[in-house]
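I have placed the structure first, in the form of structure tokens, so that the comments after it can refer back to it.
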Amino acid sequence: QAQQGVYFSLMLVPPAELRFAERAPVEMVFVLDCSGSMGGRPIEQSKNAMSRALRSMNANDTFQVIRFSEDASTFGPAPVPATPENINRALRYVESLDANGGTEMLRGIHAALDFPHDPERLRFVVFLTDGYIGNEADFLGAIQDRLGATRIFSFGVGSSPNRYLLDHMAIVGRGVVGYLALSDSASDVMDAFFERVSHPALTDVRIDLEGYPSLAEAEIYPRMSRDLFVGRPVVFTGRVDGPLPETIRVRGRMNGRDWSMNVPIAAARSDECKALAPIWARTKIADLMDEMAWSGNPVIADDVEQLALSYALMSQYTAFVAVDSLTVTQGTYGITVAQPVPVPEGVKYETTVR
């Protein structure tokens, strides 16, 4: 029991043998960035990856292909069964796409998330983009508003993708981020993706504490429910002001049905787990910053600053600074120096720099 309360941590790891279970049917929505900055090698890599993904579909799956640049268009009005005929049609459609125009990612997310969801299948939306936009908060907010039961998997394409945007797309979308470099094997990257999403042990995982009816009261982070995949454990950390119950209740959905179990708590003295309090604080800060990424709420910055100061942590608003008072630079004002920035490898200058 630390000074600020009682802390706990829970790691959920699914059995490794689940990786041999048959994959449940999924609804795959592939969204391809066809803006001008994707011209050249980036869109070629994206096409190779999508072609591999389409050929990896199972007979019980459904899929949709969406392209966006200054507008958005779809392969069909709704996801279609993954029959050989439909897959061949989609392969021809993907091969016909070209890169031109601006990047209106909001049109792509609206097209991907606004049509009705099939409740019999997990919906995975796969974005392939370099993310060259400047309104990240608007885009992440649109995902938060429309996500529902969808999971978003973002793939950064090329040598200089917008990692901030792509990482947070996966966080807000409860998915996973991946990167497809120009020298990577697109087939290997997509094979690894399907291996990763093929075996969900639990979906919509959350934990409850007896005596603490809300996550806010128990201060459990991350607050957003997670999916538990084979080979990818889920970790929760929490803090309470009162005593902990003897068990933590884990809830989720397994094979489309509600599932739960009780996990006993092993208590330890505060001097044996001093690291748990700052770990909890770091997890809360990360959760708050994820929220700020899509909400833009300025109050969150104050909360992060106070939390970081209370637990002596570095954050986006706190730092440890060492000042050398012996060295003084010459002059009384700064000088601006123009520094050319190279265009990312494989990207066409004329379609990226205006």
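The values are calculated or read from the model by the stated rules, or taken from the named source; none is laboratory data. Here the structure is a predicted model, which means the values were calculated and not measured. Cβ placement follows ideal geometry from the backbone for every residue including glycine, while neighbour counts extend to all protein chains displayed. Heavy atoms of the whole protein, side chains included, go into the accessibility calculation; ligands, DNA and RNA do not. Shrake-Rupley method; radii C 1.70, N 1.55, O 1.52, S 1.80 Å.
Quick notes on this one:
- Checking each residue in segment 178-191 for being within 16 Å of the chain's Cα centre (by Cα) and either without any contact (Cβ under 8 Å) to a residue 40 or more places away in the chain or open to solvent by 40 Å² or more (accessible area, probe 1.4 Å) (or both) picks out GLY178, TYR179.
- Residue check for ASP98: open to solvent by 60 Å² or more (accessible area, probe 1.4 Å) and in contact with a Cys (Cβ under 8 Å, 6 or more places away or on another chain): yes
- Set side by side, the residues ALA293, ALA322, ALA286 differ, and just one is small (Gly, Ala, Ser) and either more than 30 Å from ASP33 (Cα to Cα) or more than 23 Å from the chain's Cα centre (by Cα) (or both), which is ALA322.
- Criterion: over 20 Å from ALA192 (Cβ atoms) and either open to solvent by less than 10 Å² (accessible area, probe 1.4 Å) or part of a loop (DSSP other than H, G, I, E, B) (or both) - qualifying residue of ALA24, ALA59, ALA49: ALA59
- Only one entry in ARG223, ARG232, ARG206 is of a type outside the set (Val, Ile, Thr) and closer than 30 Å to ALA49 by Cβ, namely ARG232.
- Test: VAL125 is touching a Lys or Arg at 6+ places or on another chain (Cβ under 6 Å), within 18 Å of ALA186 (Cα to Cα) and open to solvent by less than 30 Å² (accessible area, probe 1.4 Å): no
- Long-range neighbours under 8 Å by Cβ, at least six apart or interchain, first residue free of Cβ contacts under 8 Å to residues at least 40 places away in the same chain within segment 293-304, second among the polar types (S, T, N, Q) and surrounded by 18 or more Cβ atoms within 10 Å (Cβ to Cβ): VAL304/SER315
- Looking only at segment 254-282, residues that are of a type in the set (S, T, N, Q) and modelled with pLDDT under 85 come to 2 in all.
- Near pairs, Cβ below 7 angstrom, 6+ apart or cross-chain, from segment 86-101 (assigned to a loop (DSSP other than H, G, I, E, B)) to any residue that is of a type in the set (A, V, I, L, M): LEU97/LEU32; ALA99/MET38; ALA99/ILE43
- Flag if ALA308 is at pLDDT 85 or above and either crowded, with 19+ Cβ neighbours inside 10 Å or more than 20 Å from LEU165 (Cβ to Cβ) (or both): yes
- Test for ILE87: is it among the hydrophobic types (A, V, I, L, M, F, W, C) and open to solvent by 10 Å² or more (accessible area, probe 1.4 Å): yes
- One residue alone among ALA111, ALA149 is surrounded by fewer than 22 Cβ atoms within 10 Å (Cβ to Cβ) and either over 25 Å from ASN48 (Cβ atoms) or not hydrophobic (A, V, I, L, M, F, W, C) (or both), and that residue is ALA149.
- Boolean, PHE30 is buried (at least 22 other Cβ atoms within 10 Å of the Cβ) and either free of Cβ contacts under 8 Å to residues at least 40 places away in the same chain or not β-branched (Val, Ile, Thr) (or both): yes
- Filter result (more than 12 Å from VAL172 (Cβ to Cβ) and open to solvent by 10 Å² or more (accessible area, probe 1.4 Å)) within segment 128-146: TYR132, ILE133, GLY134, ASN135, ASP138
- Complete set of residues in segment 75-84 that are closer than 16 Å to PHE124 by Cα and either surrounded by 13 or more Cβ atoms within 10 Å (Cβ to Cβ) or touching a Pro at 6+ places or on another chain (Cβ under 7 Å) (or both): PRO79, VAL80, PRO81, ALA82
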